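Below is one structure; the comments refer to it alone.
The values are calculated or read from the model by the stated rules, or taken from the named source; none is laboratory data. Worth saying up front: this structure is predicted, and the values here are computed from it rather than measured. Quick reminder, even Gly has a Cβ in these numbers, built from the backbone with ideal geometry, and neighbours come from all protein chains shown.
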Amino acid sequence: MQLLMFITNDVNSVSPILSELMEKGIGGATVTDCKGMLTALNESSVEPPPIFGSLRKFINPERESGKMIFMVVEDSELEAVKDVIHDVCGNLSRPNSGIMFAIPLMWVEGVPRT
């Protein structure tokens, strides 16, 4: 089994991804809000490092939080989930398109399997 994580700033892509996964019979995803390091530093009362001042111009405070989808998938489902994310979001090598990765799991409890 794998823990698949997908993080994106494109909040409009989340519902289509979840819908396609459900159509393929793949469920169990969790979606949460997230924000990147620069946004978190910008909102923090802690004095950021000196280089941060030059990076402030890249921060858009009006932008919504990003979204993180994470789910435990069978090894046999991994490629199908990746394909759905690519179908909806396109090539993730484009800037700001998202990041996706999977971590092998040694064991899992509480995840129903059919």
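Here are the numbers for the structure shown:
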{"item": "Output for the range 83-106, where each listed residue is more than 19 Å from Asn9 (Cβ to Cβ) and touching a residue at least 24 places away in the same chain (Cβ under 8 Å)", "result": "Ala102, Ile103, Pro104, Leu105"}
{"item": "Single residue of the range 92-111 satisfying the filter (touching a strand residue (DSSP E or B) at 6+ places or on another chain (Cβ under 7 Å) and either outside any loop (DSSP other than H, G, I, E, B) or surrounded by fewer than 10 Cβ atoms within 10 Å (Cβ to Cβ) (or both)) that is modelled with the lowest pLDDT", "result": "Ile99"}
{"item": "Which numbered condition Ser15 misses (of (1) part of a loop (DSSP other than H, G, I, E, B); (2) at pLDDT 95 or above)", "result": "(1)"}
{"item": "Close pairs (7 angstrom Cβ cut-off, 6 or more residues apart or separate chains): in contact (Cβ under 8 Å) with a residue 40 or more places away in the chain in the range 64-80, hydroxyl-bearing (Ser, Thr, Tyr) and surrounded by fewer than 19 Cβ atoms within 10 Å (Cβ to Cβ) anywhere", "result": "Met68/Thr32; Phe70/Thr30; Met71/Thr30"}
{"item": "Candidate set from the range 56-91 (those that are at pLDDT below 80 and outside any loop (DSSP other than H, G, I, E, B)); member that is surrounded by the most Cβ atoms within 10 Å (Cβ to Cβ)", "result": "Arg56"}
{"item": "Residue pairs meeting the criteria (Cβ under 6 Å; at least 6 apart or on separate chains; first under 21 Å from Gly110 (Cα atoms), in the range 3-28; second of a type in the set (Asp, Glu) and surrounded by 14 or more Cβ atoms within 10 Å (Cβ to Cβ))", "result": "Ile26/Glu77"}
